[in-house]
1. Kindly list the number of the only condition in (1) more than 10 Å from every other protein chain (Cβ to nearest Cβ); (2) open to solvent by 30 Å² or more (accessible area, probe 1.4 Å); (3) under 30 Å from B:Asp64 (Cβ atoms); (4) of a type outside the set (Val, Ile, Thr) that fails for A:Glu83.
2. State whether one or more residues within the stretch A:90-104 are within 14 Å of another protein chain (Cβ to nearest Cβ) and free of Cβ contacts under 8 Å to residues at least 24 places away in the same chain.
3. With respect to A:Ile576, is the statement that it is surrounded by fewer than 21 Cβ atoms within 10 Å (Cβ to Cβ), touching a residue at least 12 places away in the same chain (Cβ under 8 Å) and closer than 19 Å to A:Val642 by Cα true?
4. For the stretch B:1-57, what are the residues that are closer than 24 Å to B:Gly106 by Cα, among the β-branched types (Val, Ile, Thr) and without any contact (Cβ under 8 Å) to a residue 24 or more places away in the chain?
5. Just the residues that are over 57 Å from the mean Cα position of the chain (by Cα) and of a type outside the set (Asp, Glu), please, taken from the stretch A:179-204.
6. Report whether or not A:Ala591 is within 19 Å of A:Ser474 (Cβ to Cβ) and either without any contact (Cβ under 8 Å) to a residue 12 or more places away in the chain or not in a strand (DSSP E or B) (or both).
7. When A:Asp158 is evaluated against the numbered criteria (1) under 30 Å from A:Ser344 (Cβ atoms); (2) surrounded by fewer than 15 Cβ atoms within 10 Å (Cβ to Cβ); (3) within 14 Å of chain B (Cβ to nearest Cβ), which criterion, by number, is the only one it fails?
8. Look at the stretch A:306-357 and say how many of its residues are modelled with pLDDT of 90 or more, in a helix (DSSP H, G or I) and more than 8 Å from chain B (Cβ to nearest Cβ).
Amino acid sequence: METRKTFSIKGMHCASCVNLLEGALRKVDGVLKANVNLATNKATVIYNSQKVTDKHLESAVASVGYQAMTNEELKSEDEEKAEKQKELRDLKVKVIVSLFLGALILWGSFPGLMNTAPKILQNFLVQLLLATPVQFWAGWSFYRATISALRHRTANMDTLVVIGTTVAYFYSVFVAILPQVVESIGIEPMPYFDVATIIIGLILLGRYFEAKAKAGTSEAIKKLIGLQAKTARVIRNGKEIDILINEVIIDDIIRVRPGEKIPVDGVIIEGESSIDESMITGESMPVDKTKGDTVVGATMNKTGSFTFRATKIGQETMLAQIIKLVQEAQGSKAPIQRLADLVSSYFVPIVLMLAILTFVVWYNFGPSPALTFALLNTIAVLIIACPCAMGLATPTAIMVGTGRGAEHGILIKDAESLEIAHKIRTIIFDKTGTLTKGKPEVTDIIITGTLSQNEALQLAASLEKGSEHSLAESIVNKAESKNLRFDKVEKFQAIPGYGVGGFVLGKKISLGNRKLMEKEKVSLKTVQADIEKLENDGKTVMMLQVDGQLSALIAVADTLKESAFQGVKQLQKLGIEVVMITGDNRRTANAIAQKIGIKRVLAEVLPNQKEAEVRKIQAEGKIVAMVGDGINDAPALATANVGIAMGSGTDIAIEAANITLINKDLRSVAVAIILSKKTMRTIRLNLFWAFGYNIILIPVAMGALYPFFEILLNPIFASVAMATSSISVVLNSLLLKKKTIGLLP
Amino acid sequence: MDKIIVTIMGLLGIAFTYWFFFMKKEKEVAVSDSVDIIVDGGYSPEVISIMKGKTIKINFIRHDPNSCLEEVVLSDFKIRKYLPLNQKITVEITPQKSGEFQYSCGMNMFHGKIIVK
């Protein structure tokens with residue numbers, strides 16, 4: 001398959017570069033044609049897409065010392081904006097001209113008003129002259145859209161407008177040119193040029209406001225793209241140079257001075273500073289960072305100066321990932337939209353049929369002059385119908401909702417997750433790393449045998465050195481802080497949910513929980529009281545067994561996150577049941593849960609049982625969310641109706657999660673649910689308005705109220721109502737931006 | 001007499017509208033790796049069929065200035081793209097499930113279908 005691609009090339013400066021680049025590109029197997037333009041710094045390549053990928057092109061360009069920018073999606077934003085602005089300007093001119101001409105015609109033809117108008121405006125032929133440019137110049141976009149839609153045997157709103165106004169226009173032309181013919185069949189010769197022109201003017205006006213308002217719904221993405229730094233100060237060959245951000249390569253050393261934006265993601269190698277990450281994480285307090293800490297592109301350096309090594313660039317940076325995620329969420333569909341989808345696919349043809357029916361009924365059974373009534377009511381039906389409001393009801397709210405989430409460091413993967421979140425009745429928190437900081441520390445070592453504290457710690461640390469468990473790290477850290485030696489371990493064995501075992505210095509040792517000791521038949525009778533006391537303090541107790549004898553109890557405690565208590569309390573205020581799940585024994589778990597006000601605790605749950613526990617709560621008929629770190633609880637996150645992951649480092653693309661909290665603040669769980677509730681309320685109101693509007697006003701336009709109250713809908717009022725209906729839906733979605741989605745008092 | 005004519009014409013009009021919009025046959029275009037879809041009063045080709053698990057490139061080229069068509073939404077693939085006039089915008093999809101997936105314009109007025117086999 002032949003593909004054509006044009007992309008920018010960085011680093012070109014002379015005509016010889018052109019030959020060099022063309023040669024390199026043509027050499028790639030599968031490239032059929034390659035042209036490089038020095039003036040635009042662009043290459044155009046025609047190639048076989050089965051053989052050649054962007055990577056091939058990039059490496060061919062790199063092989064001769066240049067850089068190919070094959071992925072330039074972010075750049076087109078400016079062009080997009082310019083195009084939109086031009087469209088809006090054109091539209092504005094058309095609106096002004098058509099409403100001005102329409103007003104003149106209305107003045108010259110509206111009963112009661114026409115007496116005050118100059119004679120010339122009352123002339124039918126002058127009215128025809130004024131109406132014609134509105135009909136075919138300002139209204140041309142409706143005709144164009146209708147013609148191409150009909151070619152596909154589809155119809156949309158433009159079709160309705162075209163049919164409605166064209167009928168009014170040509171009937172009026174007939175009246176204007178041959179008034180005597182109309183008069184001879186007993187109808188007063190009365191053209192409706194005002195109807196046609198004002199409808200076109202008002203609908204265009206509606207479109208103008210709608211386009212302006214719609215731009216606001218995708219503002220979040222634009223804001224995120226705008227966060228990107230433009231340049232970076234890199235140190236290459238001992239020299240500091242300012243380069244464009246897309247020229248930064250991985251492992252570049254970048255200097256950041258006070259008050260500057262950090263250009264890409266990386267790790268600090270020298271210096272320290274306080275960094276404002278609020279634009280990415282929503283966290284308002286600046287974070288202190290020093291050597292070895294990660295920094296995130298687009299965040300703001302406050303006070304210090306530092307250098308860092310670039311680790312992620314281009315589409316890999318956290319900002320680019322966030323943009324991608326938000327874009328994806330805005331492209332997804334909420335289940336609530338299904339009905340609107342179904343209706344809108346049949347809507348326009350049905351309205352056309354209803355319009356014909358209206359004409360027939362009024363012509364046959366309407367009062368005199370039947371033709372005028374039939375005509376005006378048919379036009380009113382065509383004009384009042386507004387399928388756009390239905391189409392816009394859900395997506396605009398989803399776009400604003402997901403955008404607002406991103407501003408608060410809450411990344412919602414898709415519209416469906418946002419929709420389900422408001423139904424959550426139970427939230428399960430994983431303990432380690434979610435409610436707690438996940439960095440446990442050794443708090444107590446109680447000796448029960450002949451070994452000294454350090455000897456016991458040395459054996460335990462040697463054994464744990466090979467383990468990946470978070471508790472193991474705390475023991476190793478403690479031993480390191482005491483400068484203890486690590487001995488070699490033989491026959492190392494890790495038993496998930498129990499502990500670890502092996503041989504150290506010829507001794508058979510094991511370290512783990514009560515279950516492990518029971519399994520190894522080590523009696524805990526003498527230390528029962530000690531264990532209970534430690535566990536009641538919320539500490540996790542590990543027992544060290546050496547050659548069949550209990551030698552020490554090592555207690556480890558993990559600090560709770562500052563936001564844990566508030567986070568849980570907020571959820572409880574929303575009427576949501578909060579559950580804690582942990583591998584800890586019941587006593588320790590209860591002690592921790594009590595500190596943060598959690599009443600339901602699932603303790604002693606092995607990592608692979610978490611998923612089953614989620615299912616059990618779902619079986620109680622509840623919509624369940626699971627909050628975890630997204631690493632070792634991925635199956636549980638995926639099983640829950642909504643999986644919420646606490647973002648870690650610069651990687652936010654957590655596969656199993658529906659919602660990622662990049663601010664790591666547990667209060668954001670409640671904020672996400674409040675956001676979901678508010679978005680759903682907006683969607684419901686939008687749908688109610690959009691459906692209600694059509695369901696009520698189409699019959700009114702057909703004349704359903706006429707037999708009882710003699711109420712009919714003037715086509716001009718119909719066009720006002722139609723124009724306001726889509727705007728009102730978009731504006732209602734935009735109101736979401738103004739709503740506080742913060743925490744409850 | 002005129003009433004009878006209007007009634008007959010009206011009924012014919014309704015029948016024609018029904019036939020014209022609801023009875024059309026969709027032409028399905030099989031796509032192996034890439035397809036250009038022209039956006040002009042709808043999508044042509046409107047219905048494409050592709051194989052499951054295979055990555056295909058769909059190039060949307062919009063010739064229609066109507067603002068209704070300025071965005072294309074492939075919600076099953078989480079894609080919402082702005083289509084600048086007369087420019088080729090490529091989206092890549094790798095369907096993992098077979099079935100019929102609708103795509104539409106931003107206002108959900110124009111529709112197309114991707115059939116995954």
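1. (1)
2. yes
3. Yes; evaluated as a whole, the condition is true for this residue.
4. B:Val29, the sole residue that qualifies.
5. Of everything in the stretch A:179-204, those that are over 57 Å from the mean Cα position of the chain (by Cα) and of a type outside the set (Asp, Glu) turn out to be A:Pro179, A:Gln180, A:Val181, A:Val182, A:Ser184, A:Ile185, A:Gly186, A:Ile187, A:Pro189.
6. It is true that A:Ala591 is within 19 Å of A:Ser474 (Cβ to Cβ) and either without any contact (Cβ under 8 Å) to a residue 12 or more places away in the chain or not in a strand (DSSP E or B) (or both).
7. (2)
8. The number of residues fulfilling the criteria is 4.
The values are calculated or read from the model by the stated rules, or taken from the named source; none is laboratory data. From a predicted model like this one, the values you see are computed outputs, not experimental measurements. Glycine gets a Cβ as well: all are built from the backbone with ideal geometry, and neighbour counts include every protein chain shown. Areas reflect the complete protein model, heavy atoms only, side chains present, ligands, DNA and RNA absent. Shrake-Rupley method; radii C 1.70, N 1.55, O 1.52, S 1.80 Å.
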